[in-house]
Each structure stands twice: as structure tokens, then as C-alpha cells.
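Engineer: Structure incoming, see below.
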Amino acid sequence: MEFQQITALYFIAPVLLLWFFVGNISTGIGALFAPEVLAKITVNKHAISPKIRLKFLLLSMILMLIALGRPSLLSGEIEVKRKLSDLVVAIDMSASMLADDIYPNRFEFAKNKLLTNIDKLENVRIGLLGFASQAFLISPLSDDLSSLQFLIKNLRLDGIRKGTNFISVMQAANDLLGKTNNKQLLLLTDGGEGDFEKEINYANTHKIKIFIYDITTKKGGIINIEGDVLKDDTGNIVIARENQNIKNLSKKTDGSYLKYSLNSEDLFSFINRFKQKTSNKSISVKQFKELFYYPLAVALLLLLMVFFSLPRRR
């Protein structure tokens with residue numbers, strides 16, 4: 001037997017204390033006479049004594065609390081199947097994501113964008129990757145979006161990595177998605193460098209659709225690492241600029257491209273436009289038989305006994 005609202009049972013403890021207190025005190029005329037004397041002077045020997053009446057009242061309260069706890073028995077389980085979309089989301093964690101052309105920087109903007117949009121998604125399993133010079137797994141495919149939010153919130157760029165290896169993140173996504181018919185990879189990135197010919201070939205060979213959420217501006221921005229501005233070998237300040245070629249990576253892999261915006265739901269709308277249901281998930285739903293009416297019926301019966309046994313004036 002299980003209780004669906006177990007917190008209601010916590011209130012039984014003070015009622016039991018009252019029960020113990022009532023059982024250990026003598027009240028009224030019973031405290032003045034010995035039991036054999038009291039039996040002789042009692043007019044109505046068949047009436048319920050005040051102490052018994054009070055105990056019945058307390059017992060009815062206990063039974064009502066048990067009823068509020070909703071006791072139930074497991075009567076069976078049914079399986080509910082639902083279609084899910086499998087999507088791998090990868091966040092760029094290279095040094096250029098610390099550029100300040102987007103407040104507070106590109107990386108924090110990407111994190112906040114995911115945090116404010118990911119919990120709005122429905123019927124989706126998301127795998128989470130981080131990537132720079134190499135890709136690494138943050139979370140396998142999961143529909144526990146609150147746990148994913150916790151992981152995203154705690155991402156840090158403590159070990160700064162230069163370079164952006166898109167092939168590496170595609171390989172990791174391919175491993176996560178396995179034999180999924182529609183492999184979908186969403187990249188939150190500033191575009192890196194290069195023309196992406198190798199990446200396009202790899203994606204098409206492995207049938208991975210690439211979706212780009214571009215987090216960069218035309219003017220670019222300087223890179224602040226622990227308060228120091230990043231400079232090149234000649235001492236010039238490095239400006240992390242946008243890479244227009246990143247659009248080809250999505251276009252030539254049958255994906256989509258979206259430039260960042262301050263719209264709080266743009267990423268949510270973007271994902272909903274392209275996500276496809278790719279996997280089945282079976283959920284076991286337990287069925288319970290409610291038993292609360294049994295203790296409730298006994299409690300009501302005890303209450304009737306208490307109230308109808310009250311002494312009446314003549």
C-alpha cells in the first residue's frame with residue numbers, strides 16, 4: 001500500500017500525544033470516588049463516558065488524516081509511447097567566445113540563451129556537447145531538461161582553448177545520435193575560421209543536418225581573458241570577427257542558419273521549426289486503486305457515535 005499525500009500523516013503524531021494525555025488523566029466525578037462507589041451512584045450505566053467519547057473523537061481525527069493521505073494499492077501499469085525529437089546541442093567554448101561585442105560576452109550570452117529557451121521545448125531529447133580544439137560530452141541524450149539547465153548554468157571557461165574544431169564536434173554528435181534517421185546538430189558558435197569544405201563533406205557523408213545559431217557581430221570584439229586583452233605574436237590586439245562562411249555549413253548540409261538577437265524566444269522558435277520526431281520512448285504509468293473512503297467511512301461513523309451519545313437535558 002502507498003500513500004499519495006504522505007505529508008498528511010505527519011499530523012497524526014500530535015493527535016497521538018493527545019490520546020496518550022487523555023488516557024492518563026482522570027476528570028470530573030471519576031476523580032472523586034472509587035470505581036465501586038461510582039458504579040453504585042451512576043444513573044445511566046450504559047452512556048459513553050466523556051473520556052471514551054474524547055478518544056472516539058481523536059480516533060476519528062486519525063482516520064480522517066489517513067484518508068487525506070490517500071492510501072492506495074497498485075492495480076497495474078500501462079505503457080504510453082510517445083515520439084521524441086533527438087537533437088544534439090553544442091556550445092562553442094573556444095577563446096573567441098570571450099569576445100565582448102555581445103554583452104557580457106559571447107559565451108555567457110549563449111548560456112543564457114539556452115537557459116531561457118531549453119525548458120520551453122516539448123517531446124525532445126537533447127544531448128549536450130562543448131567544443132573548442134576538441135569536443136567533449138556534457139550530457140548524453142536526455143529529456144530531463146531541468147538537469148540540462150543545471151549543467152548549462154555551471155559551465156565555465158576556466159581552461160581557455162584556442163581554435164575551433166568543428167569536425168571533432170560532428171564526430172561526437174554522430175556517436176551520440178547513432179543510427180538515428182534524422183541526425184540534427186545545433187551549434188551555438190561565433191563561426192570560427194576557414195571555409196568549412198571538410199566539415200560539409202563530413203556532415204553530408206554521415207547525413208548530419210547542421211543548424212547554426214551565430215553569436216557574433218560584424219564589427220567583432222576584443223577577447224578578455226581574466227582581465228587581460230588577448231594579443232597576437234606581434235603585440236596587436238586580436239579582434240574576433242564574424243565568419244560569413246559559417247552560413248554555408250548549414251546551407252549545404254540541409255540545415256538552417258539564424259543570427260543571434262535579443263528576442264528571448266528566438267532560439268525556441270528556431271528549434272521548433274526544424275526538429276523532427278526521430279525516436280520512440282515508452283513511459284510506464286502506474287494505476288492505483290484509491291482506499292481513502294474506508295478510513296473516512298469509519299471516521300464518520302465514530303463522529304456520529306460521539307455526537308449522538310452526548311447527554312441531553314430533560
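The values are calculated or read from the model by the stated rules, or taken from the named source; none is laboratory data. The model shown is predicted, which means the values in this text are computed figures rather than measured ones. Don't worry about glycine lacking a Cβ; one is built from the backbone with ideal geometry, like all the others, and counts go over all protein chains shown.
Engineer: Sort out which residues of segment 114-160 are under 21 Å from ILE212 (Cα atoms), without any contact (Cβ under 8 Å) to a residue 40 or more places away in the chain and either part of a loop (DSSP other than H, G, I, E, B) or not assigned by TED's automatic domain parsing to the domain that holds ILE212 (or both), and write them in order of number.
Structural biologist: Residues satisfying the conditions are GLU122, SER133, GLN134.
Engineer: Can you list residue pairs whose Cβ atoms sit under 8 Å apart, with the first residue in segment 87-98 being more than 17 Å from LYS153 (Cα to Cα) and the second being in a strand (DSSP E or B) and aromatic (Phe, Trp, Tyr)? Count only pairs 6 or more apart in sequence or on different chains.
Structural biologist: What qualifies is SER94/PHE131.
Engineer: Can you tell me how many residues within segment 196-254 are closer than 19 Å to ASN174 by Cα, in contact (Cβ under 8 Å) with a residue 40 or more places away in the chain, of a type outside the set (Gly, Ala, Ser) and not in a strand (DSSP E or B)?
Structural biologist: Total meeting the criteria: 8.
Engineer: Also, I was wondering about something else. Can you find a residue in segment 218-234 that is surrounded by 23 or more Cβ atoms within 10 Å (Cβ to Cβ) and of a type in the set (Gly, Ala, Ser)?
Structural biologist: Checked segment 218-234: no residue is surrounded by 23 or more Cβ atoms within 10 Å (Cβ to Cβ) and of a type in the set (Gly, Ala, Ser).
Engineer: When you go through ALA110, ALA90, ALA99 one by one, which is the residue that is at pLDDT below 95, closer than 24 Å to ASN245 by Cβ, surrounded by 18 or more Cβ atoms within 10 Å (Cβ to Cβ) and hydrophobic (A, V, I, L, M, F, W, C)?
Structural biologist: Result of the check over ALA110, ALA90, ALA99: ALA99.
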